[in-house]
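Read the structure below first, then the notes.
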Amino acid sequence: MISFSSFYQQIADSNLQHWLETLPSILGKWQRDHKHGNLPKWEKVLNKLHYPAPDQVDFIDSVTVGSGEQLSPGEKEKLENLLRLFMPWRKGPFHIHGIHIDTEWRSDWKWDRVKQHISPLKNRTVLDVGCGSGYHMWRMLGSGAKRVVGIDPSPLFLCQFEAVKRLAGTHHPVHLLPLGIEELPPLDAFDTVFSMGVLYHRRSPIDHLLQLRDQLRTGGELVLETLVIDGDENAVLVPQDRYGKMNNVWFIPSVAALMLWLKKCDFTDIRCVDTDVTALAEQRRTDWMPNESLVEYLDPNDITKTVEGYPAPKRATIIAVKNQPNQDLIS
């Protein structure tokens, strides 16, 4: 069974210690709720990942664990077969003992766009909301973060993260908790909070922004990356049914509207640092994610539109700072 005890021990004397009042019971319930699904099967795979400590790791320029020279061809084949049991792999890529996990998303491209604009992460405590399998968390650690906590309720993402962590060495201060942000109490503790690719999946985007704010210390930095449309501060797309074949897309604002939302949520120093139309080479079908991907979500006769006729995915990165709490918002 996946254990969170080491995380509890590490935060016991930190500014996250009051989280221990609620966290063990929440995670205990999560484990009980998933004991009859795929989680037990994936945990058995994790228990087979007994490999030597890697001769090298790189989280600065990539997520690389091991040079590929430690394992025999047979051992490498066995490891690859085990890792393939966690398919589909969506966020990455990962390089594990010479095995290239070619994920659906080139998440390294997103990180390259974002990292040049954020405050230095050195010695910061970081929260990554909707972290997926944890690719960006490893890059945050490589950028000098003191501790990185990711939350994502998917048991598959948790097991993918645990696989990489067990092969990389469990001493790294990177932790994934299978939670949604609505399950977090106001921690007011993180120096930087990332929410990338989450906002448009939330039924109430304003509540999501307030939840993100509640995790930051005063003066902490929010890094928000999400789908946007063109338009003024009143422009918001509400898909009638699906967007890019996704049935869980609720609101896609313009950059101007999103910045106004952040201002109303009492953020300051709000700035858009990047906009980018998602390229077919950034999100695509691979040997490690053989399902439909971006090309199937777009109009085959006009890739500037989704199959439903909406503008094709365009993403913006907004950076903002948590201001002093606004008593009107709290009440």
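The values are calculated or read from the model by the stated rules, or taken from the named source; none is laboratory data. Keep in mind it's a predicted model, so treat the numbers as computed, not measured. Counting neighbours? That spans all protein chains shown, and the Cβs are built from the backbone with ideal geometry, glycine included. Ligands, DNA and RNA are stripped out before the accessible areas are found, and what is left, the full protein with its side chains, is counted by its heavy atoms. Shrake-Rupley method; radii C 1.70, N 1.55, O 1.52, S 1.80 Å.
Residue-wise test of (1) acidic (D, E); (2) touching a helix residue (DSSP H, G or I) at 6+ places or on another chain (Cβ under 6 Å).
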site	(1), (2)
A12	no, no
H34	no, yes
A53	no, no
F59	no, yes
T64	no, no
G68	no, no
E75	yes, no
task: Go over the candidates V63, V57, V45 one by one and state the one that is in contact (Cβ under 8 Å) with a residue 12 or more places away in the chain, touching a Leu at 6+ places or on another chain (Cβ under 7 Å) and surrounded by 16 or more Cβ atoms within 10 Å (Cβ to Cβ).
output: V45
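In this structure, does G144 turn out to be touching a strand residue (DSSP E or B) at 6+ places or on another chain (Cβ under 7 Å) and not in a helix (DSSP H, G or I)?
no
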field: Residue that is nearest to Y297 (Cα to Cα), among those in segment 238-273 that are touching a residue at least 60 places away in the same chain (Cβ under 8 Å) and open to solvent by less than 30 Å² (accessible area, probe 1.4 Å)
entry: G244
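Inside segment 277-315, can you point out the residues that are of a type in the set (F, W, Y) and either under 18 Å from D108 (Cβ atoms) or in contact (Cβ under 8 Å) with a residue 60 or more places away in the chain (or both)?
Just the residues of segment 277-315 that are of a type in the set (F, W, Y), to begin with: 288, 297, 310.
Answer for segment 277-315, where residues must be of a type in the set (F, W, Y) and either under 18 Å from D108 (Cβ atoms) or in contact (Cβ under 8 Å) with a residue 60 or more places away in the chain (or both): W288, Y310.
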- line: Filtering segment 262-284 down to residues that are in a strand (DSSP E or B) and within 27 Å of K91 (Cα to Cα) yields R271, C272, V273, D274, T275, D276, V277, Q283
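Among the residues of segment 291-299, is any part of a loop (DSSP other than H, G, I, E, B) and touching a strand residue (DSSP E or B) at 6+ places or on another chain (Cβ under 7 Å)?
Filtering segment 291-299 down to residues part of a loop (DSSP other than H, G, I, E, B) leaves 291-293.
From what is left, the residues that are touching a strand residue (DSSP E or B) at 6+ places or on another chain (Cβ under 7 Å) are 293.
Yes, segment 291-299 contains a residue that is part of a loop (DSSP other than H, G, I, E, B) and touching a strand residue (DSSP E or B) at 6+ places or on another chain (Cβ under 7 Å).
Pick from K110, K91: which is open to solvent by less than 40 Å² (accessible area, probe 1.4 Å) and not β-branched (V, I, T)?
Only one candidate qualifies: K110.
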message: For segment 166-176, check the following and say yes or no: at least one residue is out of contact with any Leu (no Cβ under 7 Å at 6 or more places or on another chain), open to solvent by 10 Å² or more (accessible area, probe 1.4 Å), of a type in the set (G, A, S) and closer than 18 Å to K264 by Cβ.
response: no
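Looking for whichever is in contact (Cβ under 8 Å) with a residue 24 or more places away in the chain, among the basic types (K, R) and closer than 18 Å to R147 by Cβ here; the options are R217, R202. Which one fits? Give the steps one after another, and end with the answer.
Numbers: R202 fails: closer than 18 Å to R147 by Cβ.
After ruling out the rest, the residue left standing is R217.
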Odd one out for Q70 among (1) in a loop (DSSP other than H, G, I, E, B); (2) touching a residue at least 24 places away in the same chain (Cβ under 8 Å); (3) under 30 Å from K122 (Cα atoms): (3)
- request: Confirm whether P185 is more than 29 Å from D276 (Cβ to Cβ), in a loop (DSSP other than H, G, I, E, B) and in contact with an Asp or Glu (Cβ under 9 Å, 6 or more places away or on another chain).
  value: yes
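Being out of contact with any Phe, Trp or Tyr (no Cβ under 8 Å at 6 or more places or on another chain) and outside any loop (DSSP other than H, G, I, E, B) is the filter here, so list the residues in segment 247-261 that pass it.
Within segment 247-261, the subset out of contact with any Phe, Trp or Tyr (no Cβ under 8 Å at 6 or more places or on another chain) is 247-248, 254-261.
Once the filter is applied, which keeps residues that are out of contact with any Phe, Trp or Tyr (no Cβ under 8 Å at 6 or more places or on another chain) and outside any loop (DSSP other than H, G, I, E, B), segment 247-261 yields S254, V255, A256, A257, L258, M259, L260, W261.
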Which listed residue is surrounded by 15 or more Cβ atoms within 10 Å (Cβ to Cβ), in contact (Cβ under 8 Å) with a residue 40 or more places away in the chain and in contact with a Cys (Cβ under 8 Å, 6 or more places away or on another chain), from L27, L39: L39
message: Would you confirm whether or not segment 301-313 contains a residue that is open to solvent by less than 60 Å² (accessible area, probe 1.4 Å), farther than 30 Å from H95 by Cα and of a type in the set (S, T, Y)?
response: yes
task: Among the residues of segment 137-165, write down those that are in contact with a helix residue (DSSP H, G or I) (Cβ under 6 Å, 6 or more places away or on another chain) and either surrounded by fewer than 17 Cβ atoms within 10 Å (Cβ to Cβ) or under 25 Å from K322 (Cα atoms) (or both).
output: R139, V148, G150
message: Quick check on my filter: what residues within segment 206-237 are on the phi < 0 side of the Ramachandran plot, open to solvent by 40 Å² or more (accessible area, probe 1.4 Å) and in a loop (DSSP other than H, G, I, E, B)?
response: D230, D232, E233, N234
